[in-house]
Amino acid sequence: DVKVTQSSRYLVKRTGEKVFLECVQDMDHENMFWYRQDPGLGLRLIYFSYDVKMKEKGDIPEGYSVSREKKERFSLILESASTNQTSMYLCASLAGTRTGELFFGEGSRLTVL
Amino acid sequence: GQQVMQIPQYQHVQEGEDFTTYCNSSTTLSNIQWYKQRPGGHPVFLIQLVKSGEVKKQKRLTFQFGEAKKNSSLHITATQTTDVGTYFCADEVGTYKYIFGTGTRLKVLA
């Protein structure tokens, strides 16, 4: 069964802290994504990666960076968390052989105080 | 950049009533996908539409892609309480790059 696992379901951090959100997939997918979800705005793409060490900016990359050192793991980093980064963060993966469905993790709800 | 808008933002229906959500774009859509997110859950893939005018059915759900590929719709016949959730459309705007719509939250009253 397909599985995308996000390391933390809930996090509370303080303004200025460095935050790591981890995502692991067990499907050997080439492509991985980070979205944030906010009420009324849907899902907005932050970054995606189509291969190890490769990354591309999405629509809202400001304030975020990513790391893909291994195929199965895609990390989202907030170098200095701010209150406007309080949100639900969703990781997803996609097989590279065809266009098709995104498999999402359960989400990480981040609150920045 | 491209924006994918969904209407309505919210919909409350009585159980047994029909429901439709619309996905509209200012530019031509490429491949439209539909996802369902249950309350407290994560988006789950429902279907993908590729061809202009395409219609696909899954039990009580009917998905349609507009002739001009500028819009898509999801119609649920005779809603049930299990249909509760937020429905998103998503367009493939670049290789492996998907842009999601704003979503329609459906509430079904028993």
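The values are calculated or read from the model by the stated rules, or taken from the named source; none is laboratory data. Quick caveat, the model's predicted, so the values are computed rather than measured. All Cβ positions, even for glycine, are placed from backbone atoms using ideal geometry, and neighbour counts span all protein chains on display. Just the protein is used for accessible areas: all its heavy atoms, side chains included, with ligands, DNA and RNA removed. Shrake-Rupley method; radii C 1.70, N 1.55, O 1.52, S 1.80 Å.
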inquiry  = As I understand it, the dipole of chain A uses +1 on the Cβ of Lys and Arg and -1 on the Cβ of Asp and Glu, about the Cα centre. Which of A:58, A:40, A:113 lies farthest toward its positive end?
reply    = A:113
task = Provide the buried accessible surface between chains B and A in square angstrom, both chains summed, 1.4 Å probe, rounded to the nearest 100.
result = 1800
remark   = Per residue of A:32-40, other chain Cβ atoms within 10 Å number on average 3
ask   = So what are the three principal axis dimensions of chain B from its Cα atoms, in whole Å, longest to shortest?
value = 41, 27, 20
request  = Calculate one ³J(HN,Hα) per residue across the range A:64-76 by plugging θ = phi - 60° into the Karplus curve 6.51 cos²θ - 1.76 cosθ + 1.60, and present them in order as whole Hz with x for glycine and proline.
outcome  = 10, 9, 9, 9, 9, 8, 10, 4, 7, 10, 9, 10, 10
task = Pop out the carbon and sulfur fraction of the accessible area of the range B:37-108 as a percent, whole number, probe 1.4 Å.
result = 51
query = About its Cα centre, how strong a charge dipole does chain A have in debye, to the nearest 20, once Lys and Arg get +1 and Asp and Glu get -1 at the Cβ?
reply = 280
key: Peptide B:99-109, shielding by other chains (average Cβ, 10 Å cutoff)   = 3
request  = Starting from the Cα of residue A:3, draw a straight line to each of the aspartates and glutamates and keep only those under 16 Å, dropping any in the same chain fewer than 8 residues away.
outcome  = A:22, A:26, A:28, A:30, A:72, A:101, A:106
Percent RCO, i.e. relative contact order, over the range B:4-109, from Cα pairs under 8 Å lying at least 6 residues apart = 38
query = Just by accessible area at a 1.4 angstrom probe, what is the order of A:64, B:96 from largest to smallest?
reply = B:96, A:64
task = Could you give the size of the charge dipole of the protein assembly as shown about its Cα centre, using +1 on the Cβ of each K and R and -1 on the Cβ of each D and E, expressed in debye and rounded to the nearest 20?
result = 120
task = Measure off, as a whole percent, the carbon and sulfur share of the 1.4 Å-probe accessible area of chain A, all protein chains present.
result = 49
